[in-house]
1. If a residue counts only when it is closer than 20 Å to residue 137 by Cα and touching a Gly at 6+ places or on another chain (Cβ under 9 Å), which strands (runs of 3 or more DSSP E) contained entirely in segment 3-111 have at least 1 such residues?
2. Taking the stated definitions as given, is residue 151 more than 16 Å from the chain's Cα centre (by Cα), surrounded by fewer than 16 Cβ atoms within 10 Å (Cβ to Cβ) and in the same structural domain as residue 85 (by TED's automatic domain parsing)?
3. Among 161, 165, which is the only one that is under 25 Å from residue 405 (Cβ atoms), modelled with pLDDT of 90 or more, in a helix (DSSP H, G or I) and in the same structural domain as residue 129 (by TED's automatic domain parsing)?
4. Restricting to segment 362-387, name every residue that is more than 24 Å from residue 352 (Cα to Cα) and in contact (Cβ under 8 Å) with a residue 24 or more places away in the chain.
5. Of all residues being among the hydrophobic types (A, V, I, L, M, F, W, C) and under 8 Å from the mean Cα position of the chain (by Cα) in segment 14-28, which is farthest from residue 110 (Cα to Cα)? Just the residue, please.
6. Do we find a residue being over 30 Å from residue 128 (Cβ atoms), outside any strand (DSSP E or B) and of a type in the set (Ser, Thr, Tyr) anywhere in segment 400-421?
7. Does residue 180 count as basic (Lys, Arg) and closer than 26 Å to residue 323 by Cβ?
8. Taking residue 172, is it assigned by TED's automatic domain parsing to the domain that holds residue 113, closer than 29 Å to residue 245 by Cβ and of a type in the set (Val, Ile, Thr)?
Amino acid sequence: MTNSLTILHVLDHSLPLRSGYAMRSSSILKFQKLAGLTPVVLTSPRHGAAEVTPEVIGNIKHHRSDEAAVQNDCAGSKTPLLREKRQMQYMERRICEVARQEKADIIHAHSPSLNGIPAWRAARKLGIPVVYEVRAFWEDAAVDQRKFSPGSMKYRLSRFLESQLFKHVDHVTAICEGIRAELIGRGVAPDRLSVIPNGVDPDDFDSLEATDGVARKYQLKDKRVLGFIGSFYRYEGLQLLIRAVEIISRHRPDVRLMLVGGGEMESALAEQVRRSGLEQVVLLPGSRPPSEVRDFYAAMDILVYPRLSERITNIVTPLKPLEAMAMGKLVVGSNVGGLSELIRDGETGFLFEAGSCDDLVYTILKTLNEIDRWPIVTQRAREYVRHHRNWSEIIPRYCDVYDRTLRRLRSLRRSQSSAAGA
């Protein structure tokens, strides 16, 4: 049944924009296509498209939404949450339009609820099932971005709306166990909830295909390189990592730290490096194109994820550590819930006490001094990714969810038909 289905994925944004969200979406689309499904995409106005003309990315049609239509509708208004309300109204119409055009069998909306609520409304109008995927909770992300504070009216309202959404959609998927536990706590029945975790395509992170171009360009010969590749969000704890490296470099002058990426903390991190006199120790190559990522991984010995202990980091698992593991690299992370779900301390990587500069320094120095353990740990990590976090192994879970939601809907319709004829 599954192989003939057309799935309309409603996304916040997608490629060619670069983010962990976009990369997960791209992998889902690619491997669903390989599994025989027909995925199509509709992105929200937050993607920032200048026009709604579809574009084809990776042989998959991506419909866009009109960002200007929502902006113009809200121009000059100071009404709280008016933009969000208008966006959801617009998206409901747009989802109905694209779903009809593509003859969608299922609508699969991905968080935030700005996508989920209009997808649920559109699905009810069209008489088709809707699956909602929770990658993070909108209110928690908004708190980290300083858009509103915990416990504020906006926080409570967004939490309430999404909790109501969970009760109405046909099925909910979560990207990790932390989110699953939260959803059950909010009243989602376990039989309507599935965990479909982050994964990677191991073929994209084949270390044999990497070059030594980065090592040569940044003069890393005979150096031990700590690294981070990703977005520079505040909760990533990169300021803590720079402080730790300042101490580590006194004991190990051969150590270099390479922070690859950009984002809200980019200028603050550059200023911290300058103030600390670490320009020769901490390298900031900026954001790099995907074609270079494998070479940057190859130049690094240990990937460090010093996430701070916050609600969002304790619930949500990141994608990047899985890429590092697939590349056969050592990983060191803080013991927040989202990382301890991925890294088994002492087996597939190493954990330190979140927020503790002293423990981070100790863990990195200990790891650097135990080089004989590296091959065993990295091999275990690669096997974990290949057998448990490989997209080709994960995608069948979506097929099962789609089949179950369709069977449930058909059973409901038969029951309603029987009741009406009684």
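The values are calculated or read from the model by the stated rules, or taken from the named source; none is laboratory data. Just so it is clear, the model here is predicted, and its values are computed rather than measured. Positions of Cβ are backbone-derived with ideal geometry, glycine not excepted, and every protein chain shown enters the neighbour counts.
1. In segment 3-111, the matching strands (runs of 3 or more DSSP E) lie at 6-11, 106-110.
2. yes
3. Every option except 165 fails the conditions.
4. 386
5. Only one residue fits best here, namely 23.
6. The answer is no, given that none of the residues of segment 400-421 is over 30 Å from residue 128 (Cβ atoms), outside any strand (DSSP E or B) and of a type in the set (Ser, Thr, Tyr).
7. Answer is yes for this residue.
8. So residue 172 does not fit the description; no.
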